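Read the structure below first, then the notes.
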Amino acid sequence: MSKRPNGNLWQASCAERIETAPLMTDRHVDLAIVGGGFTGCSAALFAAERGASVCLLEGATIGFGGSGRNVGLANAGLWLPPEDIIAALGHEAGNHLLGALAAAPDRVFGTIEKYAIACEPVRKGTLHLAHSAKGLADLQTRHRQGIARGYPLALLSQEETAARTGASGFHGALFDPRAGTIQPLAYCIGLARAAQSLGAEIFEQTPVFSYRHDGANWRIETKEATVYAKALLLATNAYHDWMGDESKPPLAHVHYSQYATAPLSAAQRETVLSGGEGCWDTATVMSSFRLDAAGRLIFGGMCDRESAVGGVHDVWAQKSLARLFPDLGPVSFDHAWQGRITMSKDYIPKILELGPKGLCCIGYSGRGIGPGTVFGAECARALLGNDQSGLPLASIAGYEDRFASAKSLYYETGATLAHAIAPSPLSR
């Protein structure tokens with residue numbers, strides 16, 4: 001790379017702001033929320049809209065974790081095809097989850113409009129790109145299953161995909177017009193700002209060291225104060241480390257790194273994603289690309305660029321961009337950053353029961369925006385109303401994955417090997 005890139009683009013381009021301070025005195029509230037990502041901020045907004053007293057505690061800053069490091073694709077559903085979800089959950093539960101998440105983009109973009117969240121919303125759909133013939137067969141299956149459920153999906157040919165993306169080498173694509181792109185950190189902060197405007201108390205730089213139910217209320221302990229809450233939502237997901245390993249859900253994780261170019265020229269923007277879609281591919285070691293409002297091309301993939309072999313991933317990103325968009329010529333990256341993704345063993349999120357009126361959301365497998373928005377709001381509804389019938393998934397008493405650490409190592413090692421042997425543009 002010709003120069004050392006700056007850090008997280010979303011931090012540099014965020015137009016949303018929120019004024020907070022660390023928690024210094026005790027609070028007594030209806031709902032305490034630990035974690036200031038999509039889930040926690042959506043829950044805070046939902047609860048505040050209904051007049052509940054809310055206290056959200058964030059160990060760093062709003063959107064610090066995966067929410068503020070996200071690609072920014074606001075998709076419907078999960079990574080799994082619908083029939084796989086029904087096979088895993090059963091017909092009734094599977095259809096209930098699919099229905100909730102099919103409507104997730106409406107909920108996201110509706111909230112953005114309602115609260116005038118300045119997060120660069122573009123609802124022009126997303127493209128799931130077939131990286132191989134096998135990938136195209138997978139998209140054909142997803143298209144068939146989606147059409148059977150009434151989803152407005154379109155399967156694009158290789159030629160149509162090249163014209164829509166400006167990229168070469170893909171065998172086809174699945175277009176979903178329900179979806180779109182956002183500036184994810186700005187969306188997260190906008191949710192928190194909206195919640196705060198309705199009376200929710202938001203405290204940044206306030207790590208939680210312990211939480212327990214004392215028989216009457218939840219006691220959430222921070223360095224300076226205690227929050228006493230009738231209900232508790234734990235929404236730290238992949239950024240749970242600071243609370244200690246004993247309370248950390250056993251989830252596999254993988255890092256996802258992103259690289260942003262300088263804004264493309266007007267001529268380049270006419271050929272690269274001129275329709276405004278965001279994209280990701282069908283490869284096991286997944287990649288994604290999209291544009292932001294300024295016309296920066298943002299390319300990402302499953303990898304840990306801050307690891308000891310991070311240089312391998314930096315070189316891979318340069319080679320991949322040159323291979324996909326040879327007409328762009330040499331490009332350098334102005335920004336590079338990464339985040340962590342957690343995955344359950346069946347790639348379906350979980351809602352864990354912590355105790356009386358206590359829930360925890362985990363395992364979005366990289367689909368944080370839609371599911372986080374929906375799960376956060378619906379968990380708040382369930383906790384405030386003491387009625388879990390509307391949850392997108394039934395809560396469970398416990399969750400174990402004995403192979404979580406091994407899976408994490410497998411994903412990270414596999415990404416490094418795949419990127420190390422990736423072909424150069426000249427070998428196409």
What strands (runs of 3 or more DSSP E) completely inside segment 187-294 contain at least 3 residues that are over 24 Å from Gly40 (Cβ atoms)? 252-263, 278-281, 287-291
Filtered residues of segment 1-49 (kept if open to solvent by less than 20 Å² (accessible area, probe 1.4 Å), of a type in the set (A, V, I, L, M) and in a loop (DSSP other than H, G, I, E, B)): Leu23
Which residues, taken from segment 80-102, are in contact (Cβ under 8 Å) with a residue 40 or more places away in the chain, surrounded by fewer than 20 Cβ atoms within 10 Å (Cβ to Cβ) and small (Gly, Ala, Ser)? Ala88, Ala93, Ala102
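Counting just the residues of segment 103-150 that are among the aliphatic types (A, V, I, L, M) and within 19 Å of Met286 (Cα to Cα), which one comes out surrounded by the most Cβ atoms within 10 Å (Cβ to Cβ)? It would help to see each step written out before you state the result.
Looking only at segment 103-150, we keep the residues that are among the aliphatic types (A, V, I, L, M), and these are 103-104, 108, 112, 116-118, 122, 127, 129-130, 133, 136-137, 139, 147-148.
This time we only want the ones that are within 19 Å of Met286 (Cα to Cα), so: 127, 129-130, 133, 136-137, 139.
Details: Leu127: 30, Leu129: 28, Ala130: 26, Ala133: 10, Leu136: 22, Ala137: 14, Leu139: 21.
Among those residues, the one meeting the criterion is Leu127.
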Asn70 passes all but one of (1) in contact with a Cys (Cβ under 7 Å, 6 or more places away or on another chain); (2) closer than 23 Å to Gly300 by Cβ; which number fails? (1)
Gly275, sole failed condition from (1) in contact (Cβ under 8 Å) with a residue 60 or more places away in the chain; (2) over 30 Å from Leu98 (Cα atoms): (2)
Pick from Glu412, Glu400: which is charged (D, E, K, R) and within 19 Å of the chain's Cα centre (by Cα)? Glu412
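The values are calculated or read from the model by the stated rules, or taken from the named source; none is laboratory data. What you see is a predicted model, and the numbers here were worked out from it, not measured in a lab. Every residue, glycine among them, receives a Cβ derived from its backbone with ideal geometry; neighbour counts consider all protein chains shown. Each accessible area value is taken on the protein alone, full model and side chains, heavy atoms only, with ligands, DNA and RNA left out. Shrake-Rupley method; radii C 1.70, N 1.55, O 1.52, S 1.80 Å.
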